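Take a look at the structure set out below.
The values are calculated or read from the model by the stated rules, or taken from the named source; none is laboratory data. Computed from a prediction, not measured in an experiment: that's the story for all the values here. Backbone-built Cβ (ideal geometry, glycine too); neighbour counts: all protein chains shown.
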Amino acid sequence: MRIVLLSTAAIALSGCSWLGMGGHHGNTYGHHNAGYGHYKAKPMKKSCTNCNTLSRWNIEGGYGQEYITGGNVIQTAPNGLNLTTPTKTTMKSGYEVGERFDLGVSYALNPNRKVILNGYQSKFDGERQIIGTQSASTLSGQISDYEALGIEAGIRQYALPVRAPIVKSIRPYLEARAGVAKVDDINISRVTRTSPGGVVTTRAGYGLYDGGWVPTAAGLVGVETPLFNRMTIGLESGLRYSGKLDAVDGGFAGDDGASKWSVPVSLRGRYRF
């Protein structure tokens, strides 16, 4: 009878470990100690009744600014306005610094790696631009805002925590994402023609690009530091790409364009369950 009881207890303990409730060499997942404000493995409970499971699920959010670095909104190709000299307008000159909001979930495959599913909204205010010359007159217009809603999936790989001033420790990471985004129509409005004598003539607006779905990708680098028991905050940057839109038929944008390269700088938070 004694042998049966000992065998049953051994099976129960091994089952607890197999389900992610065991020690993992005496530590649970998390690498977090709120009392000291730095990453540190928690000591695990020794019985199945009180032991902790892996904290696998997280909810994440972020806000930041996005700086356009590449892409063209108006090309120098032939166009519907018969401009004598079309002016190439880059995405960087055609748009102000943008804003980006992120919200999503992540799942820990192990203490150093997470998979991410993330939704986002981004917006860049359009600028007024000179679009070319026509018979010695200058044409200018207001480019509409660039607005997008998207969804991305990715993977994040953490490095080991390192000591840091003020926050005591930080944990660097690398992240790769890919997804799709729905971008609104892009047009140019309040087009004016200014003649050499200073006479201004107002024209109607023109379409540039039809809205639609575009591919997106990102390579990111960041750091995290503990804030509360289950909360971390972090700073993130990197390089993002959004694909081309189809030019409006009969418009003057030229070839399909409005693809965008940008550098985001975001403050983000993560809560682990």
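Values for this structure:
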{"read-out": "Complete set of residues in the range 136-147 that are closer than 23 Å to residue 212 by Cβ, of a type outside the set (Ser, Thr, Tyr) and surrounded by 21 or more Cβ atoms within 10 Å (Cβ to Cβ)", "value": "141, 143"}
{"read-out": "Qualifying residue in the range 226-248 (condition: in contact (Cβ under 8 Å) with a residue 12 or more places away in the chain and at positive phi)", "value": "yes"}
{"read-out": "Verdict on residue 121 being free of Cβ contacts under 8 Å to residues at least 60 places away in the same chain and under 23 Å from residue 243 (Cβ atoms)", "value": "yes"}
{"read-out": "From 167, 200, 180, residue being within 21 Å of residue 87 (Cβ to Cβ) and out of contact with any helix residue (DSSP H, G or I) (no Cβ under 7 Å at 6 or more places or on another chain)", "value": "200"}
{"read-out": "Complete set of residues in the range 190-205 that are within 30 Å of residue 100 (Cβ to Cβ) and assigned to a strand (DSSP E or B)", "value": "190, 191"}
{"read-out": "Tabulated pairs, the range 67-93, first modelled with pLDDT of 75 or more, second surrounded by fewer than 17 Cβ atoms within 10 Å (Cβ to Cβ) and assigned to a strand (DSSP E or B), C-beta under 6 angstrom, 6+ apart or interchain", "value": "67/263; 69/261; 69/263; 70/261; 71/261; 72/90; 87/130"}
{"read-out": "Subset of the range 227-242 [under 20 Å from residue 69 (Cβ atoms) and at pLDDT below 95]", "value": "none"}
{"read-out": "Residue pairs meeting the criteria (Cβ under 8 Å; at least 6 apart or on separate chains; first over 25 Å from residue 171 (Cα atoms), in the range 256-269; second among the charged types (D, E, K, R) and part of a strand (DSSP E or B))", "value": "256/246; 260/240; 261/240"}
{"read-out": "Residue, modelled with the lowest pLDDT, within the range 192-214, restricted to residues that are among the β-branched types (Val, Ile, Thr) and surrounded by fewer than 19 Cβ atoms within 10 Å (Cβ to Cβ)", "value": "199"}
{"read-out": "Odd one out for residue 165 among (1) of a type outside the set (Lys, Arg); (2) over 24 Å from residue 66 (Cα atoms); (3) in contact (Cβ under 8 Å) with a residue 60 or more places away in the chain", "value": "(3)"}
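Residues checked against (1) buried (at least 17 other Cβ atoms within 10 Å of the Cβ); (2) of a type outside the set (Ser, Thr, Tyr):
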{"position": "90", "(1), (2)": "no, no"}
{"position": "104", "(1), (2)": "yes, yes"}
{"position": "156", "(1), (2)": "yes, yes"}
{"position": "164", "(1), (2)": "no, yes"}
{"position": "171", "(1), (2)": "yes, yes"}
